[in-house]
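Right, one structure below, let's go through it.
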Amino acid sequence: MRILGIDPGLRITGYGLVLAEGSRVTVIEAGVIRVAADGDLPGRLHRLHADLTEVMLELRPGLVSVESVFSHPERAATGVRMGHARGVILLAAAQQGIELVEHAPAQVKKALTGDGKADKARMQAAVVTRCGLDSKPEPPDVADALAIALCAAQRLDTAVIPPPKPAEPPR
């Protein structure tokens, strides 16, 4: 199954397409969609929608996996902006007739590292290990998108991704 993971954002939206075949997961493509921050909100959402639609048409995923809304009380505006981007993602997937699943950020982190509070560096390292990459995906939005796709593969039993190794106890 071709799974497109998307890390929503209004300036940078990460995406990563994986092919899950049995116990094997292969990264097909990953990147970011950048939207200029200086435009008005409707124009920015339109640009994001057009670019996402192009990515979906080109990559032909069978499933889109997106992070659910996350909002920290000290940065509530970020959650609202992410909500706008998510709405565009949901619309683009629906317009293409692609099934969509959502995963909470803590669920994605736990699926890949065993720790629902893992930081960006640990997530990047887990993606490198799980996908057999030579280097960490940059920017972190790409690693997040791949992690979201891998979580979907694991949750749907599309691929058997080995559980994370237990963390070593602190010394």
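The values are calculated or read from the model by the stated rules, or taken from the named source; none is laboratory data. Not measured: the values here are computed from a predicted model. Virtual Cβ from ideal backbone geometry, glycine too; neighbours counted across all protein chains shown. Only protein heavy atoms, including side chains, enter the accessible area calculation; ligands, DNA and RNA are left aside. Shrake-Rupley method; radii C 1.70, N 1.55, O 1.52, S 1.80 Å.
Odds and ends about this structure:
- Average projected area [Cα convex hull, the chain], square nanometres: 10.3
- Separation in nanometres of the label points that stand 7 Å from Cα toward Cβ, at M1 and Q107: 1.3
- If you look at the Cα atoms of the stretch 1-63, you get an Rg and a Dmax of 13.2, 44 Å.
- Of all DSSP beta bridges confined to the chain, the antiparallel ones make up roughly 60%.
- Cα→Cβ-extended label distance, 7 Å offset, between L156 and H84, nm: 3.0
- With every protein chain in place, the stretch 1-113: carbon and sulfur % of accessible area (1.4 Å): 54
- Gaussian network model of the chain, springs between alpha carbon atoms under 10 Å - residue of A106, A85, A143 with greatest fluctuation: A106
- The value given for the stretch 47-138 is a Kirkwood hydrodynamic radius of 14.8 Å, derived from the mean inverse Cα-Cα separation.
- Taking a point 7 Å out from the Cα of A50 in the direction of its Cβ, the residues of the stretch 1-43 whose backbone N falls within less than 20 Å of it are 9-15, 32-43.
- Here the calculated FRET efficiency for E58 and R34, from their Cβ-Cβ distance with R0 = 22 Å, stands at 0.85, rounded to the nearest 0.05.
- All aspartates and glutamates inside 19 Å of K117 as judged from Cα atoms, apart from same-chain residues fewer than 8 positions distant: D7, E67, E74, E102, D141, D144, E168
- The length gained by stretching the chain between A125 and R24 to full extension, at 0.36 nm per residue less their Cα-Cα distance, is 34.5 nm.
- Rough spin-label spacing in nm, given labels placed 7 Å along Cα→Cβ, for L41 and E74: 2.5
- Probe 1.4 Å - accessible area at M82, Å² to nearest ten: 20
- Most to least accessible of H46, H84, H103 (protein chains only, probe 1.4 Å): H46, H84, H103
- Highest-fluctuation residue, G132, G31, G62 considered, GNM on the chain with Cα pairs under 10 Å: G132
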